1. Against the definition (at pLDDT below 85, in the same structural domain as residue 504 (by TED's automatic domain parsing) and surrounded by fewer than 20 Cβ atoms within 10 Å (Cβ to Cβ)), how does residue 631 come out, yes or no?
2. Suppose we filter 288, 257, 299, 252 for residues that are in contact with a helix residue (DSSP H, G or I) (Cβ under 7 Å, 6 or more places away or on another chain), within 21 Å of residue 348 (Cα to Cα) and outside the structural domain of residue 204 (by TED's automatic domain parsing); which single one remains?
3. Could you go through the stretch 612-619 and let me know if any residue there is out of contact with any helix residue (DSSP H, G or I) (no Cβ under 6 Å at 6 or more places or on another chain), assigned to a helix (DSSP H, G or I), in the same structural domain as residue 508 (by TED's automatic domain parsing) and without any contact (Cβ under 8 Å) to a residue 60 or more places away in the chain.
4. Go over the candidates 34, 8, 17, 80 one by one and state the one that is modelled with pLDDT of 90 or more, out of contact with any helix residue (DSSP H, G or I) (no Cβ under 6 Å at 6 or more places or on another chain) and away from the ligand (no atom under 16 Å from the Cβ).
5. Does residue 65 satisfy the condition of being surrounded by fewer than 21 Cβ atoms within 10 Å (Cβ to Cβ) and assigned to a helix (DSSP H, G or I)?
6. Of the residues 66, 73, 131, which single one is outside the structural domain of residue 185 (by TED's automatic domain parsing), out of contact with any helix residue (DSSP H, G or I) (no Cβ under 6 Å at 6 or more places or on another chain) and free of Cβ contacts under 8 Å to residues at least 40 places away in the same chain?
7. Is it true that some residue in the stretch 82-102 is farther than 26 Å from residue 545 by Cα, surrounded by fewer than 15 Cβ atoms within 10 Å (Cβ to Cβ), over 14 Å from the mean Cα position of the chain (by Cα) and in contact (Cβ under 8 Å) with a residue 24 or more places away in the chain?
8. Looking at the structure I just gave you, is residue 52 more than 12 Å from the ligand (Cβ to nearest atom), over 19 Å from residue 250 (Cα atoms), in the same structural domain as residue 18 (by TED's automatic domain parsing) and crowded, with 21+ Cβ neighbours inside 10 Å?
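The values are calculated or read from the model by the stated rules, or taken from the named source; none is laboratory data. Being a predicted model, the structure only gives us computed values, none of them experimental. When we count neighbours, we look across all protein chains shown, and the Cβ atoms used for this are built from the backbone with ideal geometry, even at glycine.
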Ligand code: ZN
């Protein structure tokens with residue numbers, strides 16, 4: 001574990017807006033920053049960041065926390081990993097309390113260090129090595145010059161057996177574990193890459209973790225060489241170019257997915273810095289999951305149709321599971337993006353701009369290849385089209401495309417529907433996809449998540465208006481609201497005065513401490529939240545202390561930090577006092593019914609009633625009202641005071 005003081009130092013040195021805007025474009029609204037929530041799909045923003053408090057809160061899915069939890073949830077890091085990342089950025093050095101736990105981290109760091117040395121060594125070799133001349137020539141012939149070589153830190157692995165191993169003086173273990181080489185039968189170190197142009201691969205945060213190697217024309221071996229998995233590299237989870245493309249992807253919420261290292265570079269050259277590539281493997285669900293952290297739309301810039309029907313079913317499934325749009329850039333036949341970027345960058349841009357939904361793209365291919373001038377040709381095309389359409393899991397989408405097939409192939413749509421159904425309901429219903437796709441799991445989770453979402457909603461006060469006054473409500477909000485009103489309330493709704501008071505207390509704790517007291521709140525989570533807040537020097541300390549013990553109060557504090565109140569402390573104090581006076585009078589009235597000596601209470605009632613009248617009076621000045629509130633508070637803190 002990391003020393004507590006160091007965690008505090010990292011938090012203090014971190015700007016949460018800086019951290020979050022790497023993933024989500026944020027806009028300043030008043031004293032908060034808002035954006036689209038990266039944790040749930042939405043069209044209008046309900047994600048709020050409080051820069052001063054270092055906290056975020058989503059009013060849609062209730063995700064909340066600080067910069068550390070944000071990185072944990074979004075990047076899949078553990079606590080230590082998230083703190084390390086922030087510490088590196090903030091230049092805070094960390095001390096560890098547990099030597100063992102640090103071991104595997106140290107090993108990872110050592111491997112990344114080793115990779116960094118290798119990237120640099122290979123890179124310099126490409127830039128200046130005499131033997132790298134043919135490699136430079138090849139790259140230039142593909143339109144890749146010095147600027148791109150430097151930006152992507154391309155390298156050259158010389159032909160010798162052990163030049164890197166010798167130059168870096170790596171231990172046998174480091175050489176093997178990093179995937180850079182091996183120890184041969186004669187006990188000598190040997191490089192893995194020889195005579196190849198190297199494309200270093202970085203993790204999403206920019207740490208080097210592996211290489212892809214391309215051979216030169218006219219030499220032996222496979223065109224591309226990828227090392228096997230290492231402790232830091234797994235090609236089914238890694239995307240080439242992501243660390244460089246991340247910022248652009250987040251800005252437009254779109255990623256271009258291609259298949260080659262030079263394709264990524266080509267897209268950069270053509271002004272589309274949002275391209276990534278798989279490293280010698282088909283697109284996996286892990287890749288897609290990784291990309292959905294940054295993008296809501298994927299543009300496939302490879303021959304997606306060539307991957308066949310089962311790949312298509314997977315794409316459609318991912319669209320549904322991750323609420324993602326998958327579209328296909330229609331590249332001229334036989335051209336890869338890297339090539340097109342050199343010969344006709346305008347055509348490349350246009351292909352991306354006019355990308356078609358995946359299903360529409362496949363249908364176009366079918367129509368394009370068919371002879372629609374004959375009855376037989378149209379029937380064949382319709383058959384293929386039905387096959388393709390049946391892969392889509394959404395019946396409404398399927399039906400839309402049937403209309404299209406109907407008009408192009410001149411076949412009654414009813415007949416097409418019947419055909420599609422005859423193709424087997426298996427294709428179009430969920431049980432089969434549950435069996436054949438691992439993706440069914442997360443989708444179920446997502447549903448559960450929506451249920452939870454609804455559960456949480458009805459705990460909120462329906463009369464208190466949208467918590468987020470500045471923002472448009474999401475289209476679903478009204479419908480959810482309607483559901484909320486039909487479900488019974490679990491507990492009395494908190495007053496808006498208490499809510500405002502907590503917002504003010506979070507924002508201006510000194511003022512709140514001076515004016516307010518927990519006794520002005522009704523018993524319940526708002527009072528507990530306020531009490532806890534006053535008991536700790538900072539909001540963060542308070543949340544650390546109660547997050548586990550009193551999640552309800554912690555949730556209210558997170559909400560309060562995400563909202564913003566225009567109310568003044570005086571205003572909040574008066575409203576709390578008015579409510580407290582009303583409650584107190586009701587209690588006193590109740591007490592007189594059972595008291596042995598009702599008269600003894602009447603003086604108290606008269607006193608409180610008088611204060612209440614003043615508190616509500618339109619004629620009394622603010623000073624007078626505040627004084628009445630102060631008197632009431634004094635009475636509450638010491639009942640009987642002033643009436644004895
Ligand atoms: Zn959310």
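1. On the way: at pLDDT below 85: no; in the same structural domain as residue 504 (by TED's automatic domain parsing): yes; surrounded by fewer than 20 Cβ atoms within 10 Å (Cβ to Cβ): yes.
The answer is no for residue 631.
2. Details: 288 fails: within 21 Å of residue 348 (Cα to Cα); 257 fails: in contact with a helix residue (DSSP H, G or I) (Cβ under 7 Å, 6 or more places away or on another chain); 252 fails: in contact with a helix residue (DSSP H, G or I) (Cβ under 7 Å, 6 or more places away or on another chain).
Step by step, each of 288, 257, 299, 252 is checked, and only 299 is in contact with a helix residue (DSSP H, G or I) (Cβ under 7 Å, 6 or more places away or on another chain), within 21 Å of residue 348 (Cα to Cα) and outside the structural domain of residue 204 (by TED's automatic domain parsing).
3. Yes, the stretch 612-619 contains a residue that is out of contact with any helix residue (DSSP H, G or I) (no Cβ under 6 Å at 6 or more places or on another chain), assigned to a helix (DSSP H, G or I), in the same structural domain as residue 508 (by TED's automatic domain parsing) and without any contact (Cβ under 8 Å) to a residue 60 or more places away in the chain.
4. Answer to the check: 17.
5. When the stated conditions are applied, residue 65 does not pass them.
6. Working: 66 fails: free of Cβ contacts under 8 Å to residues at least 40 places away in the same chain; 131 fails: outside the structural domain of residue 185 (by TED's automatic domain parsing).
Answer to the check: 73.
7. Yes, the stretch 82-102 contains at least one residue that is farther than 26 Å from residue 545 by Cα, surrounded by fewer than 15 Cβ atoms within 10 Å (Cβ to Cβ), over 14 Å from the mean Cα position of the chain (by Cα) and in contact (Cβ under 8 Å) with a residue 24 or more places away in the chain.
8. The answer is no for residue 52.
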